[in-house]
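Below: the structure, in structure tokens.
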Amino acid sequence: MRPWQKVLIVAVNIYLLLFFGPVAGFDIFRIIPEIASKPSTLLQQLLIGIANGSIIAIIALGYTLVYGIIELVNFAHGDVYMLGAFMSLTIIGAFGVTAESTGAQKIVAILVAFLGAVAFTATANVTIERVAYRRLRNAPRLASLISAIGVSFILQNVGLFWGGLKAFFPIMGVNAAAPKAFPELIGRIDVFKDILGWNVPISFSTKDLLVITVASSLMIGLRLFVQYTRLGKAMRATAENRDAAKIMGIDVDRVIAFTFLLGGSLAGAAGLLVGLYNNTAVFTMGFTAGLRAFTSAVLGGIGNITGAMLGGFLIGILAAFSDQYFSSRWTNAWVFAVLVLVLVFRPTGLLGESIGQKA
Amino acid sequence: MLELKDVHTYYGNIHALKGISLKVEKGEIVTLIGSNGAGKTTTLRTIQGLLRPRSGSIVLEGEELTKIPPHLITERGVSQSPEGRLIFPRMTVLENLEMGAFSRKDKDGIKRDLERVCIVFPRLKERVKQKGGTLSGGEQQMLAMGRALMANPRVLLLDEPSMGLAPILVEQIFQIIQELNKQGTTILLVEQNARMALSIAHRGYVLQTGHIRLQGDAKRLHDDEEVRKTYLGEE
């Protein structure tokens, strides 16, 4: 291709983006002055993006772990996360804590909800693997993919049903399909202004702090676990070559089940965190969050643990910027535009090595 | 020590092993030779439990292996350097060797065997921190063998250790196999390079399309007219 042709293609693309972009909120003549007039908003959105991104990242880890080990995009994973949020809500409802409860009551309720949600989603994920994927492991890959989509629908309906059990769980409210309100258990105390006494234009609340700390600890913990423990090494070996892993004496079925257990636990933790952070849970939340998390995993390089974390933060930040500067209605479209661009131009993702290479 | 009796293995509907019976005694090197598709690799995969025989029995020191899962077969003392080596490319050389000892609990024994592998394969010792995938073909073969030795196996299965290696490396690998055997390791060796294999083995079996065609003393096979013509390429 001649240089002038390349220039022409780039020019046409820029023209199209400027022409059609504003439809989806990408109007740089509005955005640039907006950023220039109030740069602190940019930092604020960055912070929100990081907090949301850390939740997306721990969901993305579930996709990437499972893909890494059995090359299955587990479309039901987002819905397992939704069940985690529902379980948390149910437990918090059972404790009857509200924003007015004492600190000790809130802490106990949150801890029990954390353990309960994690145990529940971990069990659910292991059961799903056992029932819906294990038998299909040697079948063509499309079979387990379709099975995953089927499980996803089943779980969404479980969520819908669960949301309608107001007779047992009053916290679910009146309407089965409506978003459920999570009580405000973590106050919005500003860490910078009220605790540290700094006079800065952006706010960093205790909620942001909690979400970022918990999510980061889980990610670092997982990274270290996979790197250094015996079981973590067995997971990597199974991911790299299943037959060789069997020869080593690794019980591959158990390792795969354990991978689902880890992924499910992270999804449960994410479900509680998002409830505490955004104070809402709805039975379709797994679908949206799942697609964002999946995009993050692909962006970072699916199968790559560090990549999923990086992708989660980047997608979180992109979504926060889009919400603020483009148009929140178009945020998902921008996220999927990233997915398409990554798949077209760099299918291995930012940190991924060549896909499916089993040397 | 290891005995296969009338083993039949299928790939789907393809009858790959049509009644293989063979024996490996303690301290021996036994070689399986034969052309492509004769069933050599299938035999090793069946012993390891990666493939299940439809009938027949595989007995290791009195214990039936066909009924127990592959990871327990390794624990019972069968390990192999598989066809294509199948090292873990993104794990370090040391991690690869550690995985070889996965089914063992005796820390001291593992440490001893790691030292032993480093003595047998000094090249691996120099590269312990390197990723497996960055090694050369010869080094990967050494890693696959070292990894199999880390299991401290009763029977070591070697699948085509000479494949894709320069002649000088082949010679080196075969010397190492002989050396390991002198140190007391029982070896079942699958090879395309029949001449080399028969020169170091005690006994041999010739496989042809899933049957055992000939068997016996390695020297006798080496001098057998049919073997010379078909597998050693002599007129």
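Readers should treat all values here as calculations from the given coordinates under stated rules, not as data from a laboratory. Since we're looking at a predicted model, the values are computed, not measured. Note that we place each Cβ from the backbone using ideal geometry, even for glycine, and neighbour counts take in every protein chain shown.
State which entries of A:Lys246/B:Lys111; B:Lys5/B:Lys40; B:Lys111/B:Lys182; A:Lys246/B:Lys5; B:Lys40/B:Lys219; B:Lys131/B:Lys182 exceed 26 angstrom in Cα-Cα distance in the structure shown.
Working: A:Lys246/B:Lys111 22 Å; B:Lys5/B:Lys40 15 Å; B:Lys111/B:Lys182 21 Å; A:Lys246/B:Lys5 24 Å; B:Lys40/B:Lys219 20 Å; B:Lys131/B:Lys182 31 Å.
Long pairs (Cα-Cα over 26 Å): B:Lys131/B:Lys182.
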Check: Taking 1 over the mean of 1/r across every pair of different Cα atoms in the protein assembly as shown, what Kirkwood radius in Å do you get?
Finding: 27.4 Å
Notebook entry, point to check: Taking Cα centroids, how far is segment B:182-235 from segment A:41-96 in Å?
Noted result: 59 Å
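Just in segment A:267-359: which trypsin sites (Lys or Arg not before Pro) are loop by DSSP and have at most 15 other Cβ atoms within 10 Å? Write down the numbers at each step before the final one.
Details: sites: A:Arg292, A:Arg329, A:Lys358; in loops: A:Lys358.
Those satisfying the criteria are A:Lys358.
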Next item on the list: Taking the Cα atoms of segment A:229-359, report the difference between the largest and smallest coordinate on each principal axis, in whole Å and largest first.
Entry: 54, 36, 22
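Which whole-number percentage describes the relative contact order of chain A, with Cα contacts under 8 Å and a sequence gap of 6 or more? List each step's numbers first, then the result.
Working: 578 pairs, mean separation 115.0, N = 359.
32 percent.
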Item checked: Amide N proximity, segment B:32-68 versus B:His202 label position 7 Å along Cα-to-Cβ, cut-off under 16 Å -> B:32, B:61
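Can you figure out the FRET efficiency of A:Thr284 with B:Glu225, using R₀ = 60 Å and their beta-carbon distance, to the nearest 0.05? Write out the running numbers ahead of the final one.
On the way: r = 76 Å, r/R0 = 1.27.
Efficiency for this residue pair is about 0.20.
Reported to two decimal places, what Rg/Rh ratio describes segment B:69-119 when computed on Cα atoms with Rh from the Kirkwood expression? Before the final figure, lay out each step's value.
Values: Rg = 11.6 Å, Rh = 12.1 Å.
Radius of gyration relative to Kirkwood radius: 0.96.
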Notebook entry, point to check: Please identify the GluC sites (Glu not before Pro) of segment A:47-141 that satisfy two criteria: DSSP loop assignment and at most 12 other Cβ atoms within 10 Å. Which are they?
Noted result: A:Glu100
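Regarding segment B:1-86, what whole-number volume in Å³ per residue does the convex hull of its Cα atoms give? Show your work: numbers first, answer last.
On the way: hull volume 9.0 nm³, N = 86.
Once divided by residue count, the hull of segment B:1-86 is 104 Å³.
Once the other residues with Cβ under 9 Å from the Cβ of B:Gly56 are scored (Lys, Arg +1; Asp, Glu -1), what is the net sum?
+1
When all alpha-carbon pairs of chain B are counted, what percent fall beyond 30 Å?
Details: 6027 of 27495 pairs.
I get 22 percent for the Cα pairs in chain B exceeding 30 Å.
Let me have the relative contact order for segment B:123-235, percent, based on Cα pairs under 8 Å that are six or more residues apart.
Numbers: 100 pairs, mean separation 19.7, N = 113.
Relative contact order comes out at 17 percent.
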Check: Counting Lys and Arg as +1 and Asp and Glu as -1, what is the net charge of the other residues whose Cβ lies under 9 Å from the Cβ of A:Phe260?
Finding: 0
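Just the number: Rg to Rh for segment B:134-235, Cα atoms, Kirkwood Rh, two decimals.
Numbers: Rg = 14.2 Å, Rh = 14.5 Å.
With Rg and the Kirkwood Rh in hand, the quotient comes to 0.98.
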Check: Nearest 0.05, what FRET efficiency do A:Asn332 and A:Tyr228 give at R0 = 30 Å with Cβ-Cβ as r?
Finding: 0.20
Note to self: Relative contact order of chain B, please, whole-number percent, based on alpha carbon pairs below 8 angstrom and at least 6 residues apart.
What the structure shows: 28 percent
Item checked: Per-q log10 I(q)/I(0), segment A:1-122, q = 0.10, 0.13, 0.15, 0.21 Å⁻¹ (Debye; single scatterer per alpha-carbon; no solvent) -> -0.65, -0.88, -0.95, -1.10
Margin query: Using alpha carbons only, how many angstrom separate the centre of segment A:1-40 from the centre of segment A:284-359?
Written below: 21 Å
Margin query: As an exercise, identify the chymotrypsin sites (Phe, Trp or Tyr not before Pro) in segment A:114-172 lying in DSSP coil whose Cβ has no more than 13 other Cβ atoms within 10 Å.
Written below: A:Phe168
